[in-house]
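Shown next, in structure tokens, is the structure this report addresses.
The values are calculated or read from the model by the stated rules, or taken from the named source; none is laboratory data. Only a predicted model underlies this, so the values are computations on that prediction, with no experimental measurement involved. Every residue, glycine as well, gets a Cβ built from its backbone with ideal geometry; the counts of neighbours run over all protein chains shown. In case anyone asks, the SASA skips ligands and DNA or RNA and just uses the protein heavy atoms, side chains included. Shrake-Rupley method; radii C 1.70, N 1.55, O 1.52, S 1.80 Å.
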Amino acid sequence: MEFVVWNCSQLVTLAGPQRARIGPEMRDLLIVPDGAMLVRDGRIAAVGTRRGMETAVSRSIQIVDAGGRVVLPGFVDAHTHPVFAGTRADEFEQRAEGATYAEISARGGGIRSTVRRTRDASETDLLASARKYREWFLRGGTTTIEAKSGYGLSLESELKILRVIRQLGSEGILRYVPTFLGAHEVPDEYRGRIDAYIDLLIHEMLPRVAEERLAEYCDVFCEPSVFPADKARAILRAAQSLGFGLRLHADQFSADEGAQLAAELGAATADHLESTGPAGLEALRAAEVQPVLLPASVYNLGSTRYPAARRMIDLGLPIVLATDFNPGSSPTTSMPMVLSLACTQMKLTPAEALTAATINAAYSLRRGHEIGTLEAGKLADFAIHDCADYRELPYFFGRDPARAVYINGVCVM
Ligand code: NIG
Ligand code: FE
């Protein structure tokens, strides 16, 4: 199977060093104007200008005409919670009327209300709703997502969610990287008995998830009122000894030790970081932990405390941008919306935001050698966006401009 993508106003390759990009490198997109890309057997065979590729085209090869539009690597959304039942539109309304996320969760709403509904849902129902959200991810030009469990919080329900993620991944329409987030909250039946729940996590859930190879990463919601750092450490150490990579929800609401803990444990990522101070950032840099920034959750919770993205870039941290798609704090699958927030609220340039949403995200998932740029040898995961200049993606906000999306060289949208 061979075809050429032709007539791209900008072929945004992001070609560069074989590692996550830092500092000024984040502005280097290596754009080929009037570009073309040859795809063979699911991989990128060559990238160049239309003129340079003309010989390939003369051999009556199949042509995908981009129509003078922008072609980008598929977005890699490195933090999502895409398998859950129901919505929390009721809580959204309560927040509009003045209630806070913390108040709602203290009275039994929040994550625990989604857990109740998700436990009651069948695997078939969860698959159906997750397939609907998969369509939404594709419409935003996303081709890979990191997918967390975390709305089951019992052995059977967490396994149910992770099996749904495995099934979705096997369908080949969107790439899924599974993460076990059994420590997302303390479930109703363990309220006031957090240590008993941690016992269950460490001695039953983690070993079973490892044995069934249902997740590559383990995540913990590290927050004083949920899993404080000392509790989170015990869970994450157990996960590490079973071979899981680590990602942490760190310092979202309180300046706690989340970032420090991520550094101490050599986690792949520390996510959120809205409350992290200079010492935490320095620890992340020294330990080479990638920050994953989630501005859509800040926006949707009506907060103005965005993470210190510019300071992170200045420090040389290879930042990542993701949606945090979930039914509570961030009900969006749209990476273009996240790029817009990154530019307007955190003062990233469009190029920096794009780098954070593609190649840096791919490296945070140990997949930087396969996806995240348009370079010969990599998997042909890309999107044709309905614009002539990549800066229009964050500029025209609130729309998902993807016209066509390819995974492994197969058109999936
Ligand atoms: O990343 N903070 C914890 N987890 C999610 C929220 C999940 C929810 O509210 O359902 C987050 O923001
Ligand atoms: Fe999250």
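Some notes on this structure:
- Filter result for residue 404 (of a type in the set (A, V, I, L, M) and in contact with a strand residue (DSSP E or B) (Cβ under 6 Å, 6 or more places away or on another chain)): yes
- When the stretch 319-346 is filtered for residues that are closer than 15 Å to residue 274 by Cα and more than 16 Å from ligand 1 (Cβ to nearest atom), the ones remaining, listed by number, are 319, 342, 345, 346.
- Here 99, 130, 78, 89 are screened, and the one residue that is within 23 Å of the chain's Cα centre (by Cα) and over 30 Å from residue 410 (Cα atoms) is 89.
- Residue pairs meeting the criteria (Cβ under 7 Å; at least 6 apart or on separate chains; first closer than 17 Å to residue 135 by Cβ and open to solvent by less than 10 Å² (accessible area, probe 1.4 Å), in the stretch 324-337; second of a type in the set (A, V, I, L, M) and away from ligand 2 (no atom under 15 Å from the Cβ)): 335/357; 336/393
- Subset of the stretch 367-377 [under 25 Å from residue 290 (Cβ atoms) and open to solvent by 10 Å² or more (accessible area, probe 1.4 Å)]: 367, 369, 370, 375, 377
- The single condition from (1) within 25 Å of residue 368 (Cβ to Cβ); (2) open to solvent by 30 Å² or more (accessible area, probe 1.4 Å) that residue 290 fails is (2).
- Selection within the stretch 253-263 - surrounded by 17 or more Cβ atoms within 10 Å (Cβ to Cβ) and at pLDDT below 95: 253, 256, 257
- Taking the stretch 217-288 as the region of interest, the strands (runs of 3 or more DSSP E) fully inside it that hold 3 or more residues being within 16 Å of ligand 2 (Cβ to nearest atom) and either among the aromatic types (Phe, Trp, Tyr) or without any contact (Cβ under 8 Å) to a residue 60 or more places away in the chain (or both) are 217-222, 245-250.
- Residues being within 15 Å of ligand 2 (Cβ to nearest atom), not β-branched (Val, Ile, Thr) and not in a strand (DSSP E or B) - total across the stretch 289-307: 9
- Within the stretch 152-180, if we keep just the residues that are in a helix (DSSP H, G or I) and more than 30 Å from residue 383 (Cβ to Cβ), the residue that is most open to solvent (accessible area, probe 1.4 Å) turns out to be 156.
- Here residue 239 meets each of (1) open to solvent by less than 10 Å² (accessible area, probe 1.4 Å); (2) within 18 Å of the chain's Cα centre (by Cα) with one exception, condition (2).
- Options 276, 269; residue that is β-branched (Val, Ile, Thr) and closer than 30 Å to residue 212 by Cα: 269
- Residue satisfying all of: in the stretch 209-233; more than 13 Å from residue 258 (Cα to Cα) and surrounded by fewer than 17 Cβ atoms within 10 Å (Cβ to Cβ); farthest from the chain's Cα centre (by Cα) among these: 211
- If you check 216, 204 for being within 15 Å of residue 267 (Cβ to Cβ) and of a type outside the set (A, V, I, L, M), only one passes: 216.
- Taken over the stretch 5-29, the criterion of being touching a strand residue (DSSP E or B) at 6+ places or on another chain (Cβ under 8 Å) and either under 22 Å from residue 76 (Cβ atoms) or polar (S, T, N, Q) (or both) is satisfied by 5, 7, 8, 9, 10, 11, 12, 13, 14, 15, 20, 29.
- Among the residues of this structure, residue 183 does not count as one that is within 15 Å of ligand 2 (Cβ to nearest atom), under 22 Å from residue 360 (Cα atoms), open to solvent by less than 10 Å² (accessible area, probe 1.4 Å) and not hydroxyl-bearing (Ser, Thr, Tyr).
- Sole residue being more than 16 Å from the chain's Cα centre (by Cα), in the same structural domain as residue 309 (by TED's automatic domain parsing) and either at pLDDT 95 or above or not small (Gly, Ala, Ser) (or both), chosen from 245, 266: 266
- Qualifying residues in the stretch 137-151 (those that are in a loop (DSSP other than H, G, I, E, B) and within 16 Å of ligand 1 (Cβ to nearest atom)) - the one nearest to residue 409 (Cα to Cα): 149
- Residue among 177, 186, 115 that is of a type outside the set (S, T, N, Q), assigned by TED's automatic domain parsing to the domain that holds residue 92 and touching a Pro at 6+ places or on another chain (Cβ under 9 Å): 115
- Filter result for residue 323 (assigned by TED's automatic domain parsing to the domain that holds residue 91, among the hydroxyl-bearing types (Ser, Thr, Tyr) and within 18 Å of residue 177 (Cβ to Cβ)): yes
- Test: residue in the stretch 306-315 that is open to solvent by 10 Å² or more (accessible area, probe 1.4 Å), of a type outside the set (D, E, K, R) and within 16 Å of ligand 1 (Cβ to nearest atom): yes
- From the options 354, 393, 348, residue that is surrounded by 24 or more Cβ atoms within 10 Å (Cβ to Cβ), within 19 Å of the chain's Cα centre (by Cα) and assigned to a loop (DSSP other than H, G, I, E, B): 348
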